[in-house]
Amino acid sequence: MSRNIYVLLATLGSAALLLGAFGFQHLGGMAPCKLCLWQRWPHGAAIIIGLVILGGGARMLAWFGAVATAITGGIGVYHAGVEWKWWPGPSSCTGGGMDLGALSGSDLLSMDAPSGLVMCDEIVWQMLGLSMAGWNALISAVLLCLWVAAARSKA
């Protein structure tokens, strides 16, 4: 396959993952947690990189697409591990969701506290035993292979 086909497939893959995430959020009513949001940014970067390459940008940029995809996949692995309680996640969105020791008395009594805090260590959806974070990690591994193939492609 040609470099542009690899780039197109990788770019469309990241776009599909982002559209899926937005679909779960806006159509399915599943608000994202902090780690879910972190996983979206590298996909956005990969899409921009892909569009630049497809618009005539240098082949070397495909390595940046690979890095962006590796980052989102790594965050997905980390997030899935947090969900399965293999390791701790950010204290701001796991366990109790707040570090009560860091709050003042007025903070504890405040009625302005955020409602609807989405916990990073709770699985809200899964398919075939994988959560959304797990699927992001798995699909990102495939997209990473496409980016590396694009970067190494001579044509």
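FYI, it's all coordinate maths here, none of it is from the lab. Just so we're clear, the structure is a prediction, and the values are computed from it rather than from any experiment. Here the Cβ is made from the backbone with ideal geometry for all residues, glycine too, and neighbour counts use every protein chain on show.
Taking every C-alpha pair closer than 8 Å and separated by at least 6 residues, the mean separation divided by the residue count of the chain gives a relative contact order of 37 percent. Rounded to the nearest 20, the size of the Cβ-charge dipole of the chain about its Cα centre is 920 debye, with Lys and Arg at +1 and Asp and Glu at -1.
Seen from Lys154, the other residues with C-beta closer than 11 Å to its C-beta sum to a net charge of +3, counting Lys and Arg as +1 and Asp and Glu as -1. Close amide-amide hydrogen proximity is noted between Gln126 and no other residue 5 or more places distant or on a separate chain, at a cut-off under 5 Å (H modeled in the peptide plane; Pro and chain starts excluded).
If you run the Gaussian network model on the chain, springs between alpha carbon atoms under 10 Å, then out of Ser131, Ser14, Ser92 the most flexible one is Ser92. Dividing the helix sum by the residues of the chain, where each DSSP H run of 4 or more adds -39500 (n - 2.57), gives a mean residue ellipticity at 222 nm of -20500 deg cm²/dmol.
Each other residue within a Cβ distance under 12 Å of Ile123 adds +1 if Lys or Arg and -1 if Asp or Glu, for a net charge of -2.
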